[in-house]
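See structure below.
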Amino acid sequence: MEGKKTREEVEKSGMIDTWMRKHRLIYSGATKHPFILSIRDGTVDLEAFKTWLGQDYIFVRAFAPFVASVLIKAWKESDDSSDMEVILSGMASLNDEIAWFKSEAAKWGVQLSEVVPQKANQDYCRFLESLMSPDVEYTVAMTAFWAIEAVYQASFALCLEDGSKTPAELTETCRRWGNDGFGQYCNSLQKIANRRLGKTPDDVLSKAEVTLLRVLEHEVEFWNMSHGSA
């Protein structure tokens, strides 16, 4: 059983990989959601895509202060100064990402100023805000940060695979998160999370695992909302 592995055995493969095997069903639900599969198969309802676009713009604006809070935790708690550079690179890209959402929304006729956050989005943003508390350990916040980014990378990379029928007008969106560079960035986040998880006390390890599961649940609900199946 996964839970019976010694800490030394887990460190060799990495706690993240262990959890991904343990929770593979919900991870698959988050990264191979019907909404994503509909983009890959070319059957996506473009109104659903526009819903996602507007809602995700709101989410990214809440995500930015969360990433800033992870940076502060790294500054205070990290045992490796290079963590800050990795997190800073993510923060720097968020300014470009928000500009991209505005440009994309204009292209699709989505009035961002009129978009009202739906319940799944509100719940996810509240969850992010809870992780910004000084009481939340850096390791726990870092695990959540990795998971949020990794779900998008895995999801949109699926739409770029050989044989996919992703509509031409959505290819740029898929490349934004599915590209190799973003994949390497996610790997850097995973390495930080694994390093921290390999050294953390059992109570913090349990918190991190629960937090990972909550991220995956929120991701599924966000896709459901976009897909119109909430």
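Annotation: amide H-H contacts under 5 Å for residue 164 (H modelled 1.01 Å from N, sequence separation of 5 or more, or interchain): none. Of the accessible area of the chain, computed with a 1.4 Å probe over protein heavy atoms only, carbon and sulfur atoms account for 52 percent. Rounded to the nearest 20 debye, the dipole size of the chain about its Cα centre is 240 debye, using +1 on the Cβ of Lys and Arg and -1 on the Cβ of Asp and Glu. Maximal additional length on extending the residue 160-residue 206 stretch stands at 13.1 nm, based on 0.36 nm per residue less the C-alpha distance.
A simple count of charges around residue 228, restricted to other residues whose Cβ falls under 9 Å of its Cβ and scoring Lys, Arg +1 and Asp, Glu -1, yields -2.
Using a probe of 1.4 angstrom and keeping all protein chains present, the accessible surface of the chain works out to 48 square angstrom per residue. Projecting the Cα atoms of 154, 166, 140 onto the charge dipole of region 131-181, computed from C-beta unit charges around the Cα centre, puts 166 farthest toward the positive end.
Per residue, the chain reaches -25500 deg cm²/dmol at 222 nm when only DSSP H runs of four or more residues are counted, each adding -39500 (n - 2.57).
Over region 79-135, the alpha carbon radius of gyration divided by the compact-protein estimate 2.2 N^0.38 Å works out to 1.53. Our coupling estimate for region 120-127, obtained by passing each phi through the Karplus curve with A = 6.51, B = -1.76, C = 1.60 and θ = phi - 60°, is 4, 5, 4, 5, 5, 5, 5, 4 Hz, Gly and Pro reported as x. Take 85-96, 177-188, 139-150, 64-75 and order them by the average number of nearby Cβ atoms within 10 Å per residue, most first; the result is 139-150, 64-75, 177-188, 85-96. 3J(HN,Hα) along region 130-143: 5, 6, 7, 4, x, 6, 7, 5, 3, 4, 5, 5, 5, 4 Hz, from the Karplus curve 6.51 cos²θ - 1.76 cosθ + 1.60 with θ = phi - 60°, whole Hz, x for Gly and Pro. With the highest mean first, a sort of the peptides 103-111, 24-32 on other beta-carbon atoms found within 10 angstrom per residue produces 24-32, 103-111.
Using θ = phi - 60° in the Karplus curve 6.51 cos²θ - 1.76 cosθ + 1.60, the 3J(HN,Hα) couplings for region 176-188 round to 4, 10, x, 6, 5, x, 5, x, 5, 4, 4, 5, 5 Hz; x is entered for Gly and Pro. Can you tell me the FRET efficiency between residue 126 and residue 93 if r is taken as the Cβ-Cβ distance and R0 is 25 Å, rounded to the nearest 0.05? For residue 126 and residue 93, the calculated efficiency is 0.55.
So what's the chain giving for Cα Rg divided by 2.2 N^0.38 Å, two decimals?
For the chain, the normalised Cα radius of gyration is 1.01.
Sparse packing (at most 15 other Cβ atoms within 10 Å of the Cβ) combined with a DSSP loop state is found for the following GluC sites (Glu not before Pro) in region 160-189: 161.
Note on residue 133 and residue 100: their simple-model spin labels are 3.3 nm apart, each label 7 Å out from Cα toward Cβ.
The peptide list 36-44, 189-197, put in order of mean Cβ contacts within 10 Å with the highest first, becomes 189-197, 36-44.
The values are calculated or read from the model by the stated rules, or taken from the named source; none is laboratory data. Since the model is a prediction, treat every value here as computed from it, not as a measurement. Every residue, glycine as well, gets a Cβ built from its backbone with ideal geometry; the counts of neighbours run over all protein chains shown. The protein model used for the area step is the full one, side chains on, heavy atoms only, and it has no ligands, DNA or RNA in it. Shrake-Rupley method; radii C 1.70, N 1.55, O 1.52, S 1.80 Å.
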